[in-house]
Amino acid sequence: MKKSLLWIIVVVLSVSMVTAFSLAGCKPAVVEEEVPEVIRIGWTPPDITGVFRTATDYFIIAGADAMDNGIMVDIVSQAPISHTAFGEQVAIIEDFVARGVDVIAISPIEVKVVIPAIQKANEAGIPVIIVNLLEPIEGVEVASYIGFDNVEAAVISAYALVDYFGGPGLLGTGEEVTIEPGTYLDLAWWEDLYKDVDPATIDVNARVAIIEGVAGGFFSMARLEGFHSVVDNYPGIEIVGTLAADWNREKGIGATEDFLTANPPGELDAIWAASNEMGLGAMLACDAAGRLELAGEGEVGDPYVAIFTNDVTPESVERIKEGKIVAETTHGFPDWGWYGTEFAVTLVYGGEVPYIFDIRPRTAYQENADLFYPVPVLEPIDWEAIKLGESPRM
């Protein structure tokens, strides 16, 4: 499987964007389970940087895997210019409906904004798949939700930070835990590790700045809730401030520069950025200021700042290996594209797909970074069963 995926990555990504954007017109949506000669999947992420580039690549890779098995798939990928271009994503979805693509896959910028556009897809009989979300959206019909719980993902990041600054675990100076290679460091693992820990008595100390996404937005609020639900229990953790950076790297750099100015050397120990792009921005700003902490080399009160974040991409895995990011919670972006394409094709062939497909977030750090990239482990797709109208994931 790994060898096959690696070949696809090398060969397909070089031509992926030509394939994805070549569509001039589309056939009407499938009627009465008639399978078109080419299955066209409209995919719209919030933008095309970082994590969403990874998801898009794996939509295309899975499409190439389908074609290797005799199913013609065209991934029509289109993204808004930024995470705040709400109306642009709505227009993209409406355009997919007008084109009559066979399935629409959406990672919403914000949930409420896209509801009217999803309703238009429902009226046109086009199945919709939502990624980056598990909570069902009221008022619309969605065939499948592929994603993770945003609150839980941030809880995992918070535990990693607590671990690094004195709690039990794998990352810092506290009680060291021994694990088997490949252990899945998900929420259940962290909660079991900390079930008997009393935050009031354990020596955990850190001054932490938070960079959130779009202030007041659904995803940003969910991640803030999860992070605070853990760190607020530890008297020795002080949150020095929260700034929004709209999930954007450049704005993450700016927010970090503001934090570094407001908190001189020795007065800021860590930054948690709620997304990968903002986290990489925080890393770059700290590095440029000579204040970036390498994993395992700092202590409270020194002039250096440890970076924690969420998402995981090929770029951030390299930074984790270098120690420039201490820990990052993965959200399974290759999985979004891989299973998103599988489920879309399954629907066109008349099969059933899971209504909720949970990609459990887990911690990536130096010792396990190779599990994630360059070749993430993904389950093979049974295209022959799908051709027969079967439902391999049910």
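The table below gives the values:
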{"quantity": "Relative contact order for the chain, counting Cα pairs under 8 Å that sit 6 or more residues apart, in percent", "calculated": "18"}
{"quantity": "Euclidean distance of C-alpha centroids, the range 101-149 and the range 279-321, integer Å", "calculated": "35"}
{"quantity": "Residue order, fewest to most beta carbons within 10 Å, for Asp203, Asp57", "calculated": "Asp203, Asp57"}
{"quantity": "Mean ellipticity per residue at 222 nm, deg cm²/dmol - from DSSP H runs of n ≥ 4 across the chain, formula -39500 (n - 2.57)", "calculated": "-12000 deg cm²/dmol"}
{"quantity": "Antiparallel %, DSSP beta bridges [both residues in the range 239-394], to 5", "calculated": "25"}
{"quantity": "Positive-pole candidate from Thr341, Asn233, Leu378, dipole of the chain, charges at beta carbon", "calculated": "Thr341"}
{"quantity": "Charge dipole (the range 116-202, unit charges on Cβ, about Cα centre) - positive-most of Leu133, Gly182, Ala158", "calculated": "Leu133"}
{"quantity": "Computed lengthening from Lys195 to Asp95, 0.36 nm per intervening residue step minus Cα-Cα distance", "calculated": "31.0 nm"}
{"quantity": "Selected from Ile130, Ile75, Ile359 as most flexible by GNM, with the chain as the system and alpha-carbon contacts under 10 Å", "calculated": "Ile359"}
{"quantity": "DSSP bridge orientation in the chain - percent antiparallel, rounded to nearest 5", "calculated": "10"}
{"quantity": "The range 249-289 residues near the modelled Glu238 label - backbone nitrogen below 18 Å, point 7 Å along Cα→Cβ", "calculated": "259-272"}
{"quantity": "Rounded to 5, percent antiparallel among DSSP beta bridges of the range 150-330", "calculated": "0"}
{"quantity": "Dipole in debye (nearest 20) - the chain, about Cα centre, beta carbon charges: Lys, Arg +1; Asp, Glu -1", "calculated": "960"}
{"quantity": "FRET efficiency, 1/(1 + (r/R0)^6) with R0 25 Å, evaluated for Asp258 and Glu315 via beta carbons", "calculated": "0.60"}
{"quantity": "Relative contact order (%) - criterion: Cα under 8 Å, at least six apart; region: the range 170-328", "calculated": "21"}
{"quantity": "Lysine pairs in the chain with Cα atoms under 26 Å, if 8 or more residues apart or on separate chains", "calculated": "10"}
{"quantity": "Cβ crowding within 10 Å averaged over residues, with 261-269, 37-45, 212-220 ranked highest first", "calculated": "37-45, 212-220, 261-269"}
{"quantity": "Exposure proxy order (Cβ contacts within 10 Å, fewest to most) of Ile320, Ile325", "calculated": "Ile320, Ile325"}
{"quantity": "Prolate/oblate/rounded call for the range 188-302, Cα gyration tensor, a/c under 1.5 rounded", "calculated": "oblate"}
{"quantity": "Most positive-pole-ward Cα, Phe308, Ile320, Ser391, against dipole of the chain from beta carbon charges", "calculated": "Ser391"}
{"quantity": "Net charge dipole size for the range 150-330 [Lys, Arg +1 and Asp, Glu -1 on Cβ; Debye, nearest 20]", "calculated": "420"}
{"quantity": "Whole-number percent relative contact order across the range 38-189, with pairs defined as alpha carbons under 8 Å at least 6 apart", "calculated": "17"}
{"quantity": "Listed values (i) 25, 50, 14, 8, 4, 0; (ii) 25, 58, 18, 0; (iii) 29, 54, 17, 0, entry calculated as P(r) over Cα pairs in 20 Å bins from 0, in percent", "calculated": "(iii)"}
{"quantity": "Exposure proxy order (Cβ contacts within 10 Å, fewest to most) of Glu110, Glu328, Glu138", "calculated": "Glu138, Glu110, Glu328"}
{"quantity": "The chain: most fluctuating residue of Gly290, Gly332, Gly226 per GNM, C-alpha cutoff 10 Å", "calculated": "Gly290"}
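Just so you know, all these numbers are worked out from the coordinates, no wet-lab data involved. This one's a predicted model, so the numbers in the text were calculated from it and none came from an experiment. Note that each Cβ is placed from the backbone with ideal geometry, even for glycine, and that neighbours are counted across all protein chains shown.
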